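Here's the structure we're looking at; comments come further down.
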Amino acid sequence: MTAQISIQGVGKTFPGRNGSAAFTALSDISLEIPENEFVCLLGPSGCGKSTLLGLLAGHELPTGGSVGVGGKPVEGPAADRGMVFQQYALFPWYTVAQNVRLGLKVKGLSRAAQEAQAERMLRAVSLWDHRDKFPRELSGGMKQRAAIARTLAIDPDVLLMDEPFGALDEQTRNRLQDELLAIWQGNRRTVVFVTHSVQEAVTLADRVIVMGRDQGRIVADLRISLDRPRDRMSLDFVEAEREVSQALEQAEAAAPGDRAA
Ligand code: ADP
Ligand code: MG
């Protein structure tokens, strides 16, 4: 079986502007992700996580190598890939339900089908009772639930999440992690989830990819084989956290240009 996501020798260099030098955010990244795997990308700030996710989303094109999803090269954004950002990206002038229906309308679903799908998703994220509220009336956690419902409603094959819970308090974050996992376990799909929380990665992932400071180099590729739901207090969990933390410390320590692994 071919990988759902195939990143081969990918580089991304941003051109310099106004006389500044060009900047290479990623160079020669290769990564294969099979269908339905839940992958967390972890790494120091500025290491290229969002850049890589942007390439998968098709918001940017690589300057080297190839990015493929579902056996086809990524040439731009498409409905087979859904993105959730840290900042909720809801339309402020639409209600929660309207925000969720929007993508379905674009997809060409009938009004009745839009409503049925929106209801299913809003119930899954416990927002059905708040469906007629506007984003400004919601807490951060609720806004992020709405953003997730909107993206999942489109039923993408690949879910791309860029620190979606990064702005939330710990309790809310833990609850949303559990909800996301429940939804994912009920309807598996490939997930690439960027975080800089070790605990979040160990809670969620089948596999944790640790990126180093040095042009997004992959410094560790770790499998988390704990049963779900995972008990964040269990010894096995803490042991997995330790393993991931050590890899992350090495990633943090690696100076630019230091290629010794
Ligand atoms: P992360 O998400 O891991 O924090 P990013 O992928 O956002 O990191 O950024 C990686 C590096 O690429 C950073 O040094 C950032 O400043 C740079 N970068 C990101 N986007 C651009 C851009 N559009 N133009 C120039 N440099 C960029
Ligand atoms: Mg980022």
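Can you tell which of Asp129, Asp221, Asp157 shows the greatest fluctuation in a Gaussian network model of the chain with Cα springs below 10 Å? Of the options given, Asp129 has the highest mean-square fluctuation.
For Leu152, what is the net charge nearby, where nearby means another residue's Cβ is under 10 Å from its Cβ and Lys, Arg count +1, Asp, Glu -1? It works out to a net charge of +2.
Against the chain, whose longest principal axis is taken from its Cα atoms, helix 111-124 shows a tilt of about 60°. For the chain, the orientation-averaged shadow of the C-alpha convex hull comes to 15.2 nm² (one quarter of the hull surface). Take the Cα of Asn36, go 7 Å toward its beta carbon, and the backbone nitrogen atoms of the range 167-201 under 11 Å from that spot belong to 185-190. Label separation (Gln250 vs Arg123): 4.7 nm, computed from points 7 Å beyond Cα along the C-beta direction.
Take the alpha carbon gyration tensor of the range 160-200, find the square roots of its eigenvalues, order them as a ≥ b ≥ c, and report rounded if a/c is under 1.5; if not, report prolate when a/b exceeds b/c, else oblate. Numbers along the way, then the final one.
Working: a/c = 2.34, a/b = 1.37, b/c = 1.71.
Oblate, since a/c reaches 1.5 and b/c is not below a/b.
Rounded if a/c is under 1.5, else prolate if a/b is larger than b/c, else oblate: which is the range 84-182, with a ≥ b ≥ c the root eigenvalues of its Cα gyration tensor? Here the range 84-182 falls in the prolate category.
Just from its helices, what would the mean residue ellipticity at 222 nm be for the chain, if runs of 4 or more DSSP H residues each count -39500 (n - 2.57) and the sum is divided by every residue, rounded to the nearest 500 deg cm²/dmol?
The per-residue figure over the chain is -11000 deg cm²/dmol.
Among Met142, Met83, Met211, the largest mean-square fluctuation in a Gaussian network model of the chain (Cα springs under 10 Å) belongs to Met142. Taking a Cβ cut-off of under 11 Å around Ala3, the surrounding Lys, Arg, Asp and Glu residues balance to a net charge of -3, with basic ones at +1 and acidic ones at -1. Between helix 140-153 and the chain there is an angle of about 90 degrees, using the helix long axis and the longest principal axis of the Cα atoms.
On the basis of the beta-carbon distance and an R0 of 45 Å, Lys72 and Asp236 show a calculated FRET efficiency of 0.70. For Lys143, a cut-off of 17 angstrom between C-alpha atoms picks up these aspartates and glutamates, skipping any fewer than 8 places away in its own chain: Glu119, Asp129, Asp132, Asp162, Glu163, Asp169, Glu170, Asp178, Glu179. Between Gly58, Gly140, Gly71, the residue with the greatest mean-square fluctuation in the GNM of the chain (Cα pairs under 10 Å linked by springs) is Gly71.
Cα convex hull of the range 1-141: how many Å³ per residue? All intermediate terms of the calculation are to be shown ahead of the outcome.
Values: hull volume 23.8 nm³, N = 141.
Spread over its residues, the Cα hull of the range 1-141 gives 169 Å³ apiece.
Determine which aspartates and glutamates satisfy two conditions relative to Lys72: a Cα distance under 15 Å, and not lying fewer than 8 residues away in the same chain. The qualifying aspartates and glutamates are Glu32, Glu35, Asp80, Asp157.
For the range 106-261, the square roots of the Cα gyration tensor eigenvalues, ordered a ≥ b ≥ c, give a/c of at least 1.5 with a/b greater than b/c, which places it in the prolate category.
Where a number appears in this text, it was derived from the coordinates with a stated rule and is not lab data. Predicted model only: the values in this text are computed from it and were never measured. All Cβ positions, glycine included, derive from the backbone under ideal geometry; neighbour counts span all protein chains shown.
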